[in-house]
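First the structure, in the form of structure tokens, and then the observations on it.
The values are calculated or read from the model by the stated rules, or taken from the named source; none is laboratory data. Keep in mind the model is a prediction, meaning the values are calculated, not measured. Counting neighbours? That spans all protein chains shown, and the Cβs are built from the backbone with ideal geometry, glycine included. All accessible areas refer to the heavy atoms of the entire protein, side chains included, with ligands and DNA or RNA removed. Shrake-Rupley method; radii C 1.70, N 1.55, O 1.52, S 1.80 Å.
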Amino acid sequence: MTLDPIHVDNIARLASTIAGTVETADREGLAERVWADWLPELRQDGRVILEPVDEHARHRVDIDDVALTDPPFETVHGLDSGTINPTTFKNGLVVDVAHAAMAANPTDLDLHRSRTIVATVHTADTTVDHDTDWGRRDEGYTQQRVLQAPPINRYAEGVVHALALYLAESKHALDHANTVTDLLVLDGPIYPKELFTWVDRDPELGDLAREAKPRSVIENYVRLVETFIESGTPIAGFVKNPSGRAITRALSNAGMDAPWPDDAALFTRLLERRTDADGSSVTSSGSTRRGERVTDELTATTWFRSRGGTDRHVAADGDALGVERRLDPELYEPTFLVIYDPRTDVTYKLEAPYAFTRDPDTRRALTTQVLAEVAAERGPPKAVAKADSLARIGSAETASIRRKFAEQFDTDQLRSYDDVRWPDVEG
């Protein structure tokens, strides 16, 4: 049974009730005040957690013009890792499988064939050891291993997922770093932020993050950044769904009633451009009577140095959860800019280590490259999209892998009603 039209209409009437209690006019100028007064040097507990790398400004570029710009980087490599998502079996095992691939634009078929596969398993039985060494298949093009997750009372599913995904991705990136000639773009952040969130979520998870296996995964990313710094080849991360709250949380801690659910919402507010209701002029973050969205220009922020939230762990004064940094710690600091595409009303985040963005020419090249690709592709850079396609494990393949695991374990997947209600279907 579905809702009748009258039910839909009645529910919609609730929106007018909510809208009547929202002080829109007051909120319109708040984002601008945050931009002008807070973001040039945002502090938390007396520590600067956000500051511009250079000028504090917003930029806009004509979409058609920038899409036709000659790319600064002749070859771009992309990297991604896909998983089957954590699966619990009736024998108590919790398993996730990650599958990493690197893509190149222009295409490199030999590189595309190479894969790294990690199966991470959690068990409450401390008498068994499922760990294996790295092995090779497919004429050496595929490397794979089983990693046993450290025991934990809760969060087993999240632990196996993060360890599988980040180990596969970082191992594949390190092993193929020498194939990158101009630019590597990870599909996601440049550091394993989910592992860093463990420190804040739960004391048991926080202790786990500093154990040998999670720390070795973090070390892979630190070594990856070092490898690219030493070679002088830029590395970046393209975040398709930024959801951090370091900025909005800092604003709230400072006593500001920040209405945005996360940082992406704040930046969307700052970067979206609309005409006035009568179409006479354009405003950068809306007005009380908003007109049509301006859709012929991409907008972007300046580059920021980020030391808040999970980024604090790899800031110059952080400890990288115990991982040694062999270069000046300042070089590892994450920096980012935010890009807004009005055609899709989507905000993206581009990250890169400060080692690269401190140089004006490299900073300009990274910005131009990604703006041009977002304009042309209406989404992520082509190499990232290719890597995503190569690494993705479809629903049919996921179901097949889970069945094979169940057969090998001589048990069944632990199912819930949602598995019956929402069965895996391709597409």
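Would you mind checking the tilt of helix 395-409 against the longest principal axis of the Cα atoms of the chain, expressed as 0 to 90 degrees and rounded to 10?
30
I want the antiparallel fraction of DSSP beta bridges within the chain, as a percent rounded to 5.
Numbers: 52 of 67 bridges.
Among the beta bridges of the chain, antiparallel pairing accounts for roughly 80 percent.
For the range 85-213, just the Cα set please: Rg and Dmax, both in angstrom.
So, for the range 85-213, Rg and Dmax equal 15.9, 49 Å respectively.
Can you give the calculated 222 nm mean residue ellipticity of the chain, where each DSSP H run of n ≥ 4 adds -39,500 (n - 2.57) and the sum is split over every residue, rounded to the nearest 500 deg cm²/dmol?
-11000 deg cm²/dmol
Heavy-atom accessible area of residue 123 with all protein chains present, probe 1.4 Å, nearest 10 Å²?
20
At 1.4 Å probe size, with every protein chain present, just tell me what the per residue accessible area of the chain comes to in Å². If you can, show how the numbers build up before the last one.
Details: 20370 Å² over 427 residues.
Using a 1.4 Å probe on heavy atoms only, each residue of the chain averages 48 Å².
Quick one: how many lysine pairs does the chain have with C-alpha atoms less than 20 Å apart and a gap of 8 or more or different chains? Give me the count, please.
12
For the chain, report the translational diffusion coefficient in µm²/s to the nearest whole number, using Stokes-Einstein at 20 °C, 1.002 mPa s, and a Kirkwood Rh over Cα pairs. Working shown, then result.
Details: Rh = 23.5 Å.
Taking Rh from Cα pairs, D becomes 91 µm²/s.
Stokes-Einstein diffusion coefficient for the range 237-380 at 37 °C in a medium of 0.692 mPa s, Rh from the Kirkwood formula over Cα pairs: what value in µm²/s? Before the final figure, lay out the partial values.
On the way: Rh = 16.7 Å.
My calculation gives 197 µm²/s for D.
Taking amide H positions as placed 1.01 Å from N in the peptide plane, with prolines and chain starts having none, which residues 5 or more places from residue 333, or on another chain, fall under 5 Å of its amide H?
Long-range HN contacts for residue 333: 354, 355.
Using the Kirkwood radius over Cα pairs, work out the Stokes-Einstein diffusion coefficient for the range 168-229 at 4 °C and 1.567 mPa s, in µm²/s as a whole number. Could you put the intermediate results ahead of the total?
Working: Rh = 12.6 Å.
It diffuses with D of about 103 µm²/s by this estimate.
So how compact is the range 1-142: Cα radius of gyration and Dmax in angstrom?
Cα only, the range 1-142: 26.6, 65 Å (Rg, Dmax).
Report ³J(HN,Hα) in whole Hz for each residue of the range 199-205, in order, from the Karplus equation J = 6.51 cos²θ - 1.76 cosθ + 1.60 where θ = phi - 60°; Gly and Pro get x.
So the J values, rounded to whole Hz, are 4, 8, 7, 6, x, 5, 5.
Can you tell me how much longer the chain between residue 257 and residue 292 gets when fully stretched, taken as 0.36 nm per residue apart minus their C-alpha distance, in nm with one decimal?
9.8 nm
Assuming R0 = 60 Å, can you tell me the calculated FRET efficiency for the pair residue 13 and residue 213, based on Cβ-Cβ distance, to the nearest 0.05? Mind dumping the intermediate values first?
On the way: r = 54 Å, r/R0 = 0.89.
Once rounded, the FRET efficiency stands at 0.65.
Solvent-accessible area of residue 231, probe 1.4 Å, all protein chains present, reported in Å² to the nearest ten, please.
80
Is the shape of the range 156-270 best called rounded, prolate or oblate, per the rule: a/c under 1.5 gives rounded, else a/b larger than b/c gives prolate, else oblate, with a ≥ b ≥ c the square roots of the Cα gyration tensor eigenvalues?
Details: a/c = 2.45, a/b = 1.35, b/c = 1.82.
Oblate shape, in that a/c is at least 1.5 and b/c is the bigger or equal ratio.
Considering only C-alpha atoms, what is the centroid distance from the range 173-224 to the range 314-336, in Å?
That distance is 12 Å.
Suppose R0 equals 22 Å. What FRET efficiency, 1/(1 + (r/R0)^6) with r the Cβ-Cβ distance, do residue 411 and residue 141 give to the nearest 0.05? Present the calculation step by step, with values, prior to reporting the outcome.
On the way: r = 31 Å, r/R0 = 1.43.
In this case the efficiency is close to 0.10.
Using θ = phi - 60° and the Karplus form 6.51 cos²θ - 1.76 cosθ + 1.60, what ³J(HN,Hα) does each residue of the range 68-79 get, whole Hz, x for Gly and Pro?
Using θ = phi - 60°, the values come out as 9, 5, 5, x, x, 10, 5, 10, 10, 9, x, 9 Hz.
On a 0 to 90° scale, report how tilted helix 382-391 is relative to the longest principal axis of the chain, with both axes built from alpha carbons and the result rounded to the nearest 10.
Result, in degrees: 30.
Kirkwood Rh and Cα-based Rg: tell me the resulting Rg over Rh for the range 325-427, rounded to two decimals. Before the final figure, lay out the partial values.
Values: Rg = 21.0 Å, Rh = 17.8 Å.
Answer for the range 325-427: 1.18.
Tell me, what ³J(HN,Hα) does each residue in the range 217-224 have, in order and in whole Hz, if you take phi through Karplus 6.51 cos²θ - 1.76 cosθ + 1.60 with θ = phi - 60° and put x for Gly and Pro?
5, 4, 4, 4, 5, 4, 5, 4
If you put +1 on each Lys and Arg Cβ and -1 on each Asp and Glu Cβ, how big is the dipole of the chain around its Cα centre, in Debye rounded to 20?
On the way: 49 positive and 73 negative charges, 99 e Å.
Roughly 480 debye for the chain.
Would you pull out the residues with amide H under 5 Å of residue 298's amide H, same chain only if 5 or more places away, H placed 1.01 Å from N?
61, 63
Just the number, please: carbon plus sulfur as a percent of the accessible area of the range 13-133, 1.4 Å probe, no ligands or DNA/RNA counted.
The nonpolar share, carbon plus sulfur, comes to 48 percent.
Ranked by accessible surface with a 1.4 Å probe, highest first, in what order do 102, 256 come? Kindly include the intermediate steps, with their values, before the conclusion.
Numbers: 102 0, 256 35 Å².
The ordering from most to least exposed comes out as 256, 102.
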